[in-house]
Each structure stands twice: as C-alpha cells, then as structure tokens.
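Input: a single structure, listed below in structure tokens.
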Amino acid sequence: MLRKFAVLSIFLFSFDHLSAQQYGMFNTKTMFDGFENPAQKTFLLDYSRKFNSNFFLPNFGLTASTKGNDDFMRNLVNKRVYNSKIIPLGGSQKNTILENSNIYLATLKIFHSYKYQKEIGLSWQVKTEARADFTNETLALLDTYGRFEESGLTNFDNAFNNKAIAQSYHQFSLSYRENYDKKLAFGVKLSLLSGISYNRVNITESNFTQQGLGGDIAVKLTGYYKASFLKGDELQKKDLYPLFKNPGAAITLGTTYTAKNGTFIMANIKDLGIIRWGKNSAVSNFNTTEMINRPDTLTSQEVENRITDVVLLNSGRGRFYALTNAKVDFLISRPYGFYTPSLIVSKNVFFKGGDVAFVNKFEYNDFSLSAIPSYSMDGLVLFGLQGMYKTPNFEVFLGSDNVFKTNSQVKGILNRDETIGKGYNGISFYMGVGIKFGNTVEHPQNSSTMPGINDDQTSFFKSLFGIFSRRK
C-alpha cells in the first residue's frame, strides 16, 4: 500500500482540495473581494457597520479540471474503474490535472478611519496549489507494466517525462488599504505561512525498453523529486495544524483607480511568497538505469516497486525552499446602469497557467447575477454563473466557474455513468457569507464620533512615497 502511495505521489499525485480565483467576486466590494484584492473598499458610509466577519462560516471554492484521455478520466471519476486499456501508448501524449484551493476559515475587517477610508483586515485561510503534466505511459504503469507488452512496442522514449507540483499551507494575514486621493487607492496584505504538505517532481529524461514478451526491462530516469514526506505513513493528523514547522511569508500588493467617467481599474501582485520546508523533508536527485531481469517471475506490483525505488532509494533528508504560486491580476470595468462588464487577465508568475475572464454582472436592487465566460491558458474554455445577495451589512454568494462541466460531472458521479459528459472533465463550486456588526460608520456631517475625524492622521502610502521623493 505504501509503495502504491509512492507511485501516485511521484507520478500522478492524489490532490485533496482545490479552487479557482472566483473572478465573479472581483469588484463586488465584498469582504472576500477586499481580502483577495487588498486595495478594494468594502464599507459604505452612513450604511455599513464598523466590523465585518464570516463568523467562521467558510468562504471556499472548489475547481478542478483534467485534459487528455477524457474517456479514461470519466471512467476513473464516475465509475471508479481504472481502465488503462483505452489509453494509447507510444505517441508521447500528455495529460494535465489542474487543482488549487483557497478557503477562508476566519476573517475580520475593521473600518479604521474616515480620513483616507482606511480599512484593516485579519484572516486565516488554507490554500493548495497543484498542477500535474504526465504521460500516458505513467497511467499505464499505475495499472500494470503488462500494458507495455500488449502495445507491441519494445521501446518508449520519454515514457515518464512528468512535471508535477502540489503544495498546501495555512496563511495568516494582516491587510491594510487606504485612499491616496479621490481616485487612487493602495492596499497591502502581509502573510505568515505554515506549510502542510509539498510534493514536486521533474523527470527530464526517461526510457522504458523491453525486448520481447517476458524479456528483461530497462528503465532510465533522470530528474529530481522534493517532498515534505517520503512515505505515506510519515503523514500525521498534526501536520494539518498550523504548527509552523514549515514557516514562510508572502506579500500581496494592490491598487485601484476610478476615473471620472466611472471606469474602474484594479491591479494586483498576489501571494508573492516562499516557504522553508523542514529538515525531515525528502530530496532526491536521480540519473539511473534500472535493469529488471526476468520480470515474468515478478508481480506487476514488484515491477512498479523496482521503478519507484530509482527515486526513493536516491533520496536524502534536508530543508529546502519553495515559492508560492504568485499571480499578477489586472481588471478594467465600467458600469452601464444595471449592467457592469469587467475584463480580467490573470497570469501565474513562477508556474505555467493563467486565465482571461469576461464578467457580465446584472444588478437589480440588492440582487446580482453574473455570467462569466473565461479562457484558460491551458486551452480550456469555461462558462461560469454567480448569484449574490448583498446589502450594506450582509452578503451571501454562490457560484461556479464551470457550470456546464460541473453539472455533467456531478450527474455522471451520482449515476456512476461514464457516458455523461463530453470533452475535458471539470468541476467548480464556491460560496461564502459576510456579516457586518457594530456601530454604523456615519459620514462626518452626520456624526462627530466618526473614527479618524478629530485625529491628526497621515496617509501611510503618502508618507511611504514621500521617502522616495526626498531621496531623489
């Protein structure tokens, strides 16, 4: 069982939870929007109360997609049947799994001052970042090495040239935003990170050769493997808690600009960070050819074990550093009465991937409905829907970034039917709530006790930029 776990960890990964950026939530002035885009204003004068929280009701999302061998994946997900016989071998075909998560467990936003519209936020979230690019031959090996014999081929170049990364961590953040002037605002989010788990593999050169039925096997593997654990039994429940055995830090910087004609522009550099994984982590650099003589006298599991030993037996223990999946976001929007279109471009900084989304929001009183077509830079087209009810002191939302794929995927799983759905596989769901409480943040003309009115306050960002001006 442990060996099978090692194979899955090294070549495919079993990811546990996932999500997208929830583009429909951008420029909604909700609590979620304020934490994800720290320059965004979330309080409304004369109406909103001073504090905003989710009261430990999670704001969470779930999004996943697979690309390549769609019928095989539907059999695996919908029917729990691992049918590698329908996978073609020898054509260097690649598959991709994309999964990420962002769950806000606890949040608190505070209206700090009327002057400069200062807001302070505290949050605790759990994130996972995962991507795997792997070969058909890898899927065949996870079933049985006999699939290589059945194909009629004797040589498989680049058979296991896989790249994959999965990283999960706790993120404790302090956010701050203020208006620079009537049009421009800045925000920052500083985070302490506590790593939960990490896996990364990069096999740059590989080959599988078998001469004839039952003949000797030669497997060549070159690459590296890094992980916070080596075997499944090293994972413990306590690793799920934020114990800071694997500490890290991250920063998010954001800005918004509102023109006289109502055009709204927002830009962010998100979660630019690093984690130091502890001294018991596993690091393996390998460049080995493994000879397996008389494989017909071994079980398929024993053959797999010999191959994975190339990685496992070359591993050592030690600390290493890993970057978080930072993103660059850009949004431009302009309202037209009840309709507000928004164009969003998001690109990963250190890893592959990104999205272009076009959010179409329709508002009626306190209700809004958003239609969100988007294009993933991995070549996937998605269509999302989002519903929201939002007042100055209460907000609740529900949506999906991939509504049609989610519908067919859920139907297929519930009916255990692999014929439901076409094309790539995908699922997406997110929801959340925010509740404001405390005194109303009234305009100074209506109240003499508004925070920041009688204080001799200065702008943090004006003071910061003033330092650079004086240096010049």
Practice task
Show the residue pairs that are 6+ apart or on different chains and have beta-carbon atoms under 6 Å apart, the first residue being within segment 82-104 and touching a residue at least 40 places away in the same chain (Cβ under 8 Å) and under 30 Å from residue 32 (Cα atoms), the second being part of a loop (DSSP other than H, G, I, E, B) and hydroxyl-bearing (Ser, Thr, Tyr).
Solution key: 100/19; 101/19; 102/19
Exercise for the section: Could you run through segment 400-416 and say how many residues are at negative phi and touching a helix residue (DSSP H, G or I) at 6+ places or on another chain (Cβ under 6 Å)? Expected result: 3
Fill in the blank from the handout: Given (1) buried (at least 18 other Cβ atoms within 10 Å of the Cβ); (2) in a loop (DSSP other than H, G, I, E, B); (3) out of contact with any helix residue (DSSP H, G or I) (no Cβ under 6 Å at 6 or more places or on another chain); (4) not acidic (Asp, Glu), residue 198 misses just (2)
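Okay, residues lined up against (1) modelled with pLDDT of 70 or more; (2) in a loop (DSSP other than H, G, I, E, B); (3) among the hydroxyl-bearing types (Ser, Thr, Tyr):
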{"site": "388", "(1), (2), (3)": "yes, no, no"}
{"site": "429", "(1), (2), (3)": "yes, no, no"}
{"site": "435", "(1), (2), (3)": "yes, no, no"}
{"site": "446", "(1), (2), (3)": "no, yes, no"}
{"site": "468", "(1), (2), (3)": "no, no, no"}
Completion exercise
Subset of segment 165-182, residues surrounded by fewer than 18 Cβ atoms within 10 Å (Cβ to Cβ) and farther than 18 Å from residue 123 by Cβ, comes to 181, 182
Problem - Candidate set from segment 346-368 (those that are farther than 16 Å from residue 25 by Cβ and either in contact with a His (Cβ under 8 Å, 6 or more places away or on another chain) or among the aliphatic types (A, V, I, L, M) (or both)); member that is modelled with the lowest pLDDT - result: 349
Exercise for the section: Among the residues of segment 392-437, write down those that are of a type in the set (Lys, Arg) and either under 22 Å from residue 76 (Cβ atoms) or surrounded by fewer than 21 Cβ atoms within 10 Å (Cβ to Cβ) (or both). Expected result: 405, 411, 416, 422
Handout entry: Odd one out for residue 441 among (1) buried (at least 19 other Cβ atoms within 10 Å of the Cβ); (2) farther than 20 Å from residue 33 by Cβ; (3) in contact with a strand residue (DSSP E or B) (Cβ under 8 Å, 6 or more places away or on another chain)
Key = (2)
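Quick check on my filter: what residues within segment 391-401 are assigned to a strand (DSSP E or B) and in contact with a strand residue (DSSP E or B) (Cβ under 7 Å, 6 or more places away or on another chain)?
Taking segment 391-401 first, the residues assigned to a strand (DSSP E or B) are 391, 394-400.
Of everything in segment 391-401, those that are assigned to a strand (DSSP E or B) and in contact with a strand residue (DSSP E or B) (Cβ under 7 Å, 6 or more places away or on another chain) turn out to be 394, 395, 396, 397, 398, 399, 400.
Out of the residues in segment 56-88 meeting the condition of being assigned to a loop (DSSP other than H, G, I, E, B) and out of contact with any Phe, Trp or Tyr (no Cβ under 7 Å at 6 or more places or on another chain), tell me which one is surrounded by the most Cβ atoms within 10 Å (Cβ to Cβ). Spell out the reasoning first.
Our first condition is that a residue be assigned to a loop (DSSP other than H, G, I, E, B); within segment 56-88, this holds for 56-58, 68-69, 80-83, 87-88.
Now drop any that are not out of contact with any Phe, Trp or Tyr (no Cβ under 7 Å at 6 or more places or on another chain), which leaves 56-57, 68-69, 80-82, 88.
Details: 56: 10, 57: 17, 68: 19, 69: 21, 80: 9, 81: 12, 82: 13, 88: 10.
Out of the qualifying residues, it is 69.
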Exercise for the section: Would you check if there is a residue in segment 402-422 being in a strand (DSSP E or B) and within 22 Å of the chain's Cα centre (by Cα)? Expected result: no
Practice task
Looking only at segment 249-302, count how many residues are β-branched (Val, Ile, Thr), closer than 27 Å to residue 203 by Cβ and in contact (Cβ under 8 Å) with a residue 60 or more places away in the chain.
Solution key: 4
Handout entry: When residues of segment 275-309 are limited to those that are assigned to a strand (DSSP E or B) and aliphatic (A, V, I, L, M), the one modelled with the highest pLDDT
Key = 275
Fill in the blank from the handout: Of the residues in segment 310-344 that are outside any loop (DSSP other than H, G, I, E, B) and among the charged types (D, E, K, R), the one that is farthest from the chain's Cα centre (by Cα) is 317
Completion exercise
Exactly one of 252, 263, 256 is modelled with pLDDT of 95 or more, over 25 Å from residue 311 (Cα atoms) and surrounded by fewer than 14 Cβ atoms within 10 Å (Cβ to Cβ), and that one is 263
Exercise for the section: Among the residues of segment 109-128, write down those that are surrounded by fewer than 21 Cβ atoms within 10 Å (Cβ to Cβ) and farther than 20 Å from residue 179 by Cα. Expected result: 124, 126
Exercise for the section: Considering every residue within segment 364-373, establish whether at least one is loosely packed, with under 15 Cβ neighbours inside 10 Å, in a strand (DSSP E or B), β-branched (Val, Ile, Thr) and touching a strand residue (DSSP E or B) at 6+ places or on another chain (Cβ under 8 Å). Expected result: no
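The values are calculated or read from the model by the stated rules, or taken from the named source; none is laboratory data. Bear in mind the structure is a predicted one, so any value in this text is a computation, not a measurement. Cβ coordinates were reconstructed from backbone atoms using ideal geometry, including for glycine residues, and neighbour counts include every protein chain displayed.
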